[in-house]
Amino acid sequence: MNQKNLIEKCKINEDAIETYPWAEKGDIEHIVIRHKSNNKWFGLIFHLNNELCINLKIPPDLIPILKDQYKAVKPAWHMNKKHWCTVIVNEIQEEVLDNLIRISFDITTS
C-alpha cells in the first residue's frame, strides 16, 4: 500500500479529512487525519526507516494485546504511548488495519 491509498482508506466518511499542519514549514510528509467536526486527530501518517506508518489512537488496554499479537504494532512514535500506537502499514493484514483505523475514528468522535 502507498501513502495515497492509506489516506483514502482513512477517509471513513465525510467527517474524516486529511490535513497538513506543518506544510507552511515545508513539511508535507506528516499527514494528520482528523475529524472535520471536532478537529480531533485519529491518525498520523508518516514514513519511519523507509516504512509507511500510521499512528492510531487505541484504548490503552488493547495496545499491549495488539503489540503481542502483531509485530507491525509498535509503541507510538512521537506520541503518548499509553493511548497511541504505531502500525507499520505494509506488515499487517489489511483487515486488521481497517479495524484499527475504525477504532481510532470511533474513540475520537466525541
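Every number here is computed from the coordinates shown, using simple stated rules; none is lab data. Bear in mind that the values here come from a model prediction, so they are computed numbers and not experimental data. All Cβ positions, even for glycine, are placed from backbone atoms using ideal geometry, and neighbour counts span all protein chains on display.
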- Note on the structure: In this structure, among Lys9/Lys57; Lys11/Lys81; Lys36/Lys81; Lys36/Lys57, pairs with alpha-carbon gaps over 22 Å are Lys11/Lys81; Lys36/Lys81
- Message: Quick check for me: using +1 on Lys/Arg Cβ and -1 on Asp/Glu Cβ, what's the dipole size of the range 25-110 about its Cα centre, in debye to the nearest 20?
- Response: 420
- Message: So, R0 is 25 Å and r is the distance between the beta-carbons of Glu8 and His83; what FRET efficiency does that work out to, to 0.05?
- Response: 0.50
- Which entry in (1) 0.98; (2) 1.11; (3) 1.22 is this structure's computed Cα Rg over 2.2 N^0.38 Å? (1)
